[in-house]
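Undergrad: Submitted below is the structure of interest, expressed as structure tokens.
The values are calculated or read from the model by the stated rules, or taken from the named source; none is laboratory data. Not measured: the values here are computed from a predicted model. Here Cβ is always computed from backbone atoms with ideal geometry, including for glycine, and neighbour counts include all displayed protein chains. Surface accessibility is based on the protein's heavy atoms, side chains included, excluding ligands, DNA and RNA. Shrake-Rupley method; radii C 1.70, N 1.55, O 1.52, S 1.80 Å.
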Amino acid sequence: MITTKTPEDIASLREAGQLLARVLEALAKAARPGVTTRQLDQLAEQLIREAGAKPAFLGYRPSHAGTPFPCTLCASVNNEVVHAPASDRVLKEGDIVGLDLGLATKPRDRWLYVDAARTVGIGGITRTSRRLLTATEEALNLGIAEVEPGKRVSDISRAIQRRVEAAGYSIVRQLVGHGVGYAVHEEPQVPNYFTPSHKDVVLKPGLVIAIEPMVNVGDWRVKTLPDGWTMVTEDGTLSAHFEHTVAVTETGHEVLTRM
Ligand code: MF3
Ligand code: CO
Ligand code: CO
């Protein structure tokens, strides 16, 4: 079911989104050589709880997953695409790490969810890595720029795909963006590439979606590691991920998770 959010709920999602933006910024600053992804996970959980919110991914079990997600933060390093649980892995100079975080607040009768991600370099990174991060973030921004009433999800998909493929990279296809707000994952699906077989949806005020291109340097195919969560590129190449929660307004859009 596709839900539209009330103006009151959008106002609360805006506050939750601003908290999420601040936490992600703190994580990006803390992500330095020698730090483990578990330390980032603990910092994320602490900042979220201090603010009176709760982690949205901890214990979350989507229909495809056999076990509940064990962490607050997804911290996906280098060839890891998304959904890597935090671990004792030590970040080192030259790594890129995708920080994907969701939180929920309960200002009234129900929980409200926001979801955002960014990929950061640890210390100095290669030109290839820098170029990948730039292309992925720009693709997200071009997708967001399409969001206004009357446009379709496929307009977002095409804009993202155009930028990514112009850079010579590929879009992950097995994973897509999604409606968000009353749950972590809601309808509609928001693919990052155009496919005529996908059920297209017209954007309407009050719709809230997470747009989240996942971009590989090499082939688009990904696989799940035996831990049941971590997605990696099949060919071992680098991957980046940027995500924002975006509300459709009467005249355009508002990026709820941007500071
Ligand atoms: N943040 C992911 C997304 O962007 C979902 C993570 S679910 C988890 O859709 F369980 F892996 F945390
Ligand atoms: Co996310
Ligand atoms: Co998401």
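Undergrad: What do you reckon, how do Lys151, Lys223 stack up by accessible area (1.4 Å probe), largest on top?
TA: If we order Lys151, Lys223 from most to least accessible, we get Lys223, Lys151.
Undergrad: Over the chain, give the accessible area per residue in Å² for a 1.4 Å probe, as an integer.
TA: Per residue, the chain has an accessible area of 43 Å².
Undergrad: What residue among Ile122, Ala28, Thr245 has its Cα farthest toward the positive end of the dipole of the chain, where the charges are +1 on Lys, Arg and -1 on Asp, Glu, each on the Cβ?
TA: Checking the options against the dipole of the chain, the answer is Ile122.
Undergrad: Let me ask you something else. Compute, for the stretch 138-179, the length of the dipole vector about the Cα centre, with Cβ point charges of +1 (Lys, Arg) and -1 (Asp, Glu) only. Units Debye, rounded to 20.
TA: So the dipole magnitude of the stretch 138-179 works out to roughly 120 debye.
Undergrad: Projecting each Cα onto the charge dipole of the chain (Lys/Arg +1, Asp/Glu -1 at the beta carbon, about the Cα centre), which of Pro70, Tyr113, Leu175 comes out farthest on the positive side?
TA: The residue sitting most towards the positive pole is Pro70.
Undergrad: Report the full-extension gain for the segment Arg61 to Val90: residue separation times 0.36 nm, less the Cα-Cα distance, to one decimal in nm. List each step's numbers first, then the result.
TA: Working: separation 29, 0.36 × 29 = 10.44 nm, distance 2.66 nm.
Full extension of this stretch gives 7.8 nm more.
Undergrad: Residues with amide H under 5 Å of Gly177's amide H, sequence separation 5 or more or different chain, H placed in the peptide plane at 1.01 Å from N; which?
TA: Amide H to amide H, under 5 Å and 5 or more residues apart or across chains, Gly177 pairs with Val190, Asn192, Glu212.
Undergrad: Counting only protein heavy atoms, what percent of the accessible surface of the chain is carbon or sulfur at a 1.4 Å probe?
TA: The computed percentage sits at 50.
Undergrad: For the chain, rounded, prolate or oblate, judged on the Cα gyration tensor with a ≥ b ≥ c (square roots of eigenvalues), a/c < 1.5 rounded, else prolate if a/b > b/c?
TA: Here the chain falls in the oblate category.
Undergrad: Going 7 Å from the Cα of Ala28 along its beta-carbon direction, which residues of the stretch 125-148 have the amide nitrogen within less than 16 Å of the resulting point?
TA: 125, 130-142, by backbone N distance to the label point.
Undergrad: Defining a contact as two alpha carbons under 8 Å apart and six or more residues distant in sequence, what relative contact order in percent does the stretch 7-255 show? Don't skip to the answer; put the middle values down first.
TA: Numbers: 618 pairs, mean separation 51.2, N = 249.
So the answer I get is 21 percent.
Undergrad: Just to be sure I understand the curve: with the Debye formula and one point per C-alpha of the stretch 1-93, what is log10 I(q)/I(0) at q = 0.12 Å⁻¹?
TA: For the requested q values the scattering log ratios are -0.46.
Undergrad: With θ set to phi - 60° and the Karplus curve 6.51 cos²θ - 1.76 cosθ + 1.60, what are the ³J(HN,Hα) couplings of the stretch 169-186 in order, to the nearest whole Hz, using x for Gly and Pro?
TA: For the stretch 169-186, the Karplus-derived couplings read 9, 10, 8, 5, 10, 6, 10, 9, x, 6, x, 8, x, 9, 7, 5, 10, 10 Hz, x marking Gly and Pro.
Undergrad: Ser87: accessible area at probe 1.4 Å, nearest 10 Å²?
TA: Near enough 40 Å² of accessible area.
Undergrad: Which value in nm describes the separation of the simple spin-label points at Arg162 and Arg221, placed 7 Å from the Cα toward the beta carbon?
TA: For the pair Arg162/Arg221, the computed spacing is 3.0 nm.
Undergrad: Multiplying the sequence separation of Ala51 and Thr3 by 0.36 nm and subtracting their Cα-Cα distance, what value in nm do you get?
TA: On the way: separation 48, 0.36 × 48 = 17.28 nm, distance 2.67 nm.
Stretched out fully, the Ala51 to Thr3 stretch lengthens by 14.6 nm.
Undergrad: Roughly how many debye, to the nearest 20, is the charge dipole of the chain about its Cα centre, given +1 on each Lys and Arg Cβ, -1 on each Asp and Glu Cβ, and no other charges? Kindly include the intermediate steps, with their values, before the conclusion.
TA: Values: 29 positive and 31 negative charges, 33 e Å.
Here the chain has a charge dipole of around 160 debye.
Undergrad: Over what distance in Å are the Cα centres of the stretch 71-117 and the stretch 161-211 separated?
TA: So the separation of the two Cα centres works out to 19 Å.
Undergrad: Once every DSSP H run of n ≥ 4 in the chain is given -39500 (n - 2.57) and the sum is divided by its residues, what mean residue ellipticity at 222 nm do you get, rounded to the nearest 500 deg cm²/dmol?
TA: Estimated from H runs of four or more residues: -9500 deg cm²/dmol.
Undergrad: If each residue of separation counts as 0.36 nm, what is the full-extension length gain between Ala11 and Arg127 once their alpha-carbon separation is subtracted?
TA: On the way: separation 116, 0.36 × 116 = 41.76 nm, distance 3.97 nm.
Value of the extension gain: 37.8 nm.
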